[in-house]
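Asker: Here it is: the structure, laid out below.
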Amino acid sequence: QVQLVESGGGLVQAGGSLRLSCAASGSIFSINTMAWYRQTPGKQRELVAGITSSGSTNYADSVKGRFTISRDNDKNTVYLQMNSLKPEDTAVYYCNQDVTSSWPWGRSRGDYWGQGTQVTVSS
């Protein structure tokens, strides 16, 4: 099994910055895509940013130029640096990792989610 633990959320004023972290632990052979999603009440979870194992990134149009996703493969950790935060960025942010695990009988691939961390941006 694989567990994801997120940290770094909180309350910040508009224009401020926060950095989210998400560390994976457990039976990990390799981690493929890592991503951050966010969700507000009554809305579907939306992709904020993703990063592949080779380092290619993609962003939602609403965060381009303000957010930066990065990863540390040695630490099995993905980060989301959020700058110039706006009240509309307020949401619960979820980490997602596509993990390949190695077992005595072979390998398996799974999609794992963090517990979510609240980000609140005040105007």
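Asker: Need one number: nm distance between label points at LYS64 and SER123, each 7 Å from Cα along Cα→Cβ, rounded to one decimal.
Answerer: 2.6 nm
Asker: Hey, can you find the accessible area per residue of the chain for me, probe 1.4 Å, expressed in square angstrom?
Answerer: 53 Å²
Asker: Further, regarding this structure: Go ahead and collect, in residue order, the members of the stretch 91-105 whose backbone nitrogen is under 20 Å from a label point 7 Å along the Cα-Cβ direction of SER30.
Answerer: 96-105
Asker: Quick one: pull the percent of accessible area on the stretch 9-86 belonging to carbon and sulfur, 1.4 Å probe, ligands and nucleic acids left out.
Answerer: About 44 percent, which is the carbon plus sulfur part of the accessible surface.
Asker: LYS64: which aspartates and glutamates have alpha carbons under 17 Å from its alpha carbon, excluding same-chain residues fewer than 8 sequence positions away?
Answerer: Straight-line reach from LYS64, under 17 Å: GLU46, GLU88, ASP89.
Asker: Go through the stretch 51-111 and name the trypsin sites (Lys or Arg not before Pro) that are in a DSSP coil and have 14 or fewer other Cβ atoms within 10 Å of their Cβ.
Answerer: Hits after loop and neighbour filter: LYS64, LYS75.
The values are calculated or read from the model by the stated rules, or taken from the named source; none is laboratory data. Source: prediction; values computed, not measured. For neighbour counting, all protein chains shown are included, and Cβ atoms are generated from backbone atoms with ideal geometry for every residue, glycine included. These area figures cover heavy atoms from the full protein model, side chains too; ligands, DNA and RNA do not enter into them. Shrake-Rupley method; radii C 1.70, N 1.55, O 1.52, S 1.80 Å.
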